[in-house]
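What follows is calculated from the coordinates using simple rules that are stated; it is not laboratory data. Given the structure is predicted, the values throughout are model-derived calculations rather than measurements. Don't worry about glycine lacking a Cβ; one is built from the backbone with ideal geometry, like all the others, and counts go over all protein chains shown.
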Amino acid sequence: MRKIKIVITDIQLKRQRGGGQFVVKELINGLKEKYHLTYIGQDLGFYYDKVISPYKIRFKPTGYVQNNFLLKTAFVKKLIRTVFHNVIFLRNGLFKKGELSCDIVISNSEYDGAILSPHSRFKLKYRAAIFVKHNPYFNFNRVYPDKFISDKDYRIVALNSADYKRLKARYPPSKVNLIYNGIRLHKNLEKHIEENAFGISRHNRVILSVGRLEDEQKNFSAVIKLMPQILKLDPRVIYIIAGSGPDEVYYKKLIKKLGLSSSVKLVGFISDEEKTRLMQRANLLLQPSVRENFSIVTLEAMALGMLVGAAKNEGSFDIIKDGENGFFIDFNNSSSAEKIVRLLSLKNTMVKSIKAAAVASAKKFSIKKMIKVYKDLIETLYKATKPKHVN
């Protein structure tokens, strides 16, 4: 019996280190043994024999790609997306000519329309498609994926219950699936970070945030602006932000303007091992995102038994139970400074209870479980679309 042919696509304008690409990597790793698998997209930094890229994507450097954080209005962003979908991807030769056939394509980016379109230079032939809604700012529409589902069997995948409800109102409910992202359950490391690493001393109470430095979504500036009040209440607090991104210069200027150079540290992109050590040392993880489909970092912190304070967004509602395994915080409210300091001063008995609940909650969202649900979905679609002559 031949292996089902799967193509995983994740076309991006630039390489991003985020939850979406983490999930794509895990999908590739989890599906590669059972299926004949091809990955189409930018270099993810790892290779397997059964994962190939049949062509190279030649992105032209443009002002938008390099400076997308400057585009603040929804109108301009919508216009840019429309241009990329309908003109640039199809007409400016970004893709080499080629052809590939598969049973099912798993599409992880709204820019995948560039190769799903019959007008693309690269012809991808497929019988069924799974469209995963990773981007919290992109609402599925007639450009993607609607124009690719009229003559194909398909499924829409939501990553949180809020999107699941919205998508079921737009598409036939039988075509919509809720699949939570999974995490790898890292164990606590025996060796902790060294004294004064990342600017942290022994007496500090450490607040940590991890993610792309892209303030429109991640909203780290809200915590930075709360820091003067936090320091008045507890001068021992230090705020560490780990990650890289287009708003790094903005954050540095804001930190300098508020006189917080000794209390707020931008430590850049860090390895998984460094992240684990920082989480073990930190007293509180803050996730102030305005929008978040499903936060991998929040779950990783909870799995390590961290206290977590999160903004109310689509992704956090499915993870956080306020006061039980974590806390909701309104980061745009100045009174939140007092709440953050209170969380840093919780009694040990309460901290132990919340940490135990956090660990238990995180274990429900495993990579193994996520992969199994995708496999079941693939098998269902394949049986529904398999040609009669195929064994």
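A few points about this structure:
- Of all the residues in the range 146-174, those that are more than 20 Å from the chain's Cα centre (by Cα), closer than 21 Å to Arg291 by Cα and either of a type in the set (Val, Ile, Thr) or assigned to a loop (DSSP other than H, G, I, E, B) (or both) number 0.
- Of all residues in the range 355-378 being surrounded by fewer than 13 Cβ atoms within 10 Å (Cβ to Cβ) and closer than 27 Å to Lys5 by Cα, the one that is farthest from the chain's Cα centre (by Cα): Asp376
- Qualifying residues in the range 153-186 (those that are surrounded by fewer than 18 Cβ atoms within 10 Å (Cβ to Cβ) and among the aliphatic types (A, V, I, L, M)) - the one nearest to Thr276 (Cα to Cα): Leu185
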